[in-house]
Amino acid sequence: MAENGIAPKARPIGVFDSGIGGLTVVSALRALLPNESIFYLGDTARVPYGGKSAATVQRYSLEIAAMLLAENAKTVVVACNTASALALATLEKTLPVTVTGVILPGARAAIAKTRTGHVGVIGTRATINSGAYERALRALNPDVSVTARACPLLVPLIEEGWLESPITDEIIMQYLSPLLTDGIDTLVLGCTHYPLLRNAITRLLGDKIALVDSAQNCALAVRDLLLQEDLNTPETNGGRLQVALTDPPDAFLRVAREALQLEVGEVQVRGVIASAL
Ligand code: DGL
């Protein structure tokens, strides 16, 4: 038995991101583990994380993770590449539960997919500058070539719900052209917001470039972790999804419903509490 009398298996999976992007991970988790309950926290008061310093992203991540622990999370999923790149080690050291990030699962999938050994990575400025993907990819295959590019305009477009628009297409092509010229055969969508642009990116790149979605691969890693730790829920009638944000939703709900077909129900708004972790 456990915290607050709730057996660990029955507790929710805690998932966080700076905003809406982590819902791509929630969507993948719901499809893979429909009986698990999920508590999702989007730090919309402070989105985007992608242009902030490591110290700030670490502090934000600890604060948000503490809020998930207060919801009895049995494990924490860092559904944000920026927080995974800059704060995963801090979270793993500090939290009393297991932590899963998005970078290692994405890197593994890219190495499995590439045929030419030339992988492209796109992400926020903080993720790309951290070099976390290069390190993860090279640790798996020292011979891999990596072309990485920060795409700072994409998160605001996605938060606004501009998923299909000529302006978005133009910006995507400006960002991706140098990667195509470099000869990548696989592209890691190294930001959990980017799977929301999957249709646009596929339409623009065609089927010659394999896309790696960090959301899908993170969900698979969480499924394996729950099995290993014997933390699978005993529930068989479907898990519950609760969503809380640190600022009132704006385009958030519309994008979640239309682009992800996620029924998020009533969204709670929570103030951030300074971390005691
Ligand atoms: N979804 C995020 C990521 O994967 C965060 C983007 C941001 O807040 O800048 O990096």
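Just so you know, all these numbers are worked out from the coordinates, no wet-lab data involved. Nothing here was measured: the structure is a model prediction, and the numbers come from that model. Because the Cβ atoms are built from the backbone with ideal geometry, glycine has one as well, and the counts that use them run over all protein chains shown.
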Per the Kirkwood treatment, what hydrodynamic radius in Å, one decimal, follows for the chain from the mean inverse distance over all distinct Cα pairs?
18.7
What are the residues whose amide H is under 5 Å from the amide H of residue 38, where those residues sit 5 or more places off or on another chain and H is modelled from the backbone?
13, 240, 241, 242
Contact order normalised by residue count of region 57-164, Cα under 8 Å, 6+ apart, percent
23
All aspartates and glutamates inside 19 Å of residue 208 as judged from Cα atoms, apart from same-chain residues fewer than 8 positions distant:
169, 182, 185
Give the share of C-alpha pairs in each 10 angstrom bin for region 84-167, from 0 to the last occupied bin, in whole percents, shortest bins first.
16, 39, 32, 12, 1
Longest segment of the chain lacking trypsin sites (Lys or Arg not before Pro) that sit in a DSSP loop with at most 14 other Cβ atoms within 10 Å:
1-114
Give the aspartates and glutamates whose C-alpha is closer than 17 Å to that of residue 93, dropping any in the same chain fewer than 8 places away, or say none.
63
Normalised alpha carbon radius of gyration of region 140-213 [divisor 2.2 N^0.38 Å]
1.09
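Which semi-axes, in whole Å and largest first, does the equivalent ellipsoid of region 42-188 have when worked out from the alpha carbon gyration tensor as the square roots of 5 times its eigenvalues? Walk me through the numbers on the way to the answer.
Numbers: eigenvalues 150, 84, 29 Å².
The equivalent ellipsoid of region 42-188 has semi-axes of 27, 20, 12 Å.
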GNM of the chain, Cα pairs under 10 angstrom: of 34, 142, 195, the biggest fluctuation goes to 142
Relative contact order computed over the chain (Cα-Cα under 8 Å; 6+ residues apart), in percent:
28
By counting other Cβ atoms within 10 Å of each Cβ, how are 213, 224 ranked from fewest to most?
224, 213
Find me the longest stretch of the chain that has none of the exposed GluC sites (Glu not before Pro), where exposed means in a DSSP loop (not H, G, I, E or B) with at most 11 other Cβ atoms within 10 Å.
1-262
Taking region 136-277 and dividing mean pair separation by its residue count, relative contact order in percent (alpha carbons under 8 Å, at least six apart)
20
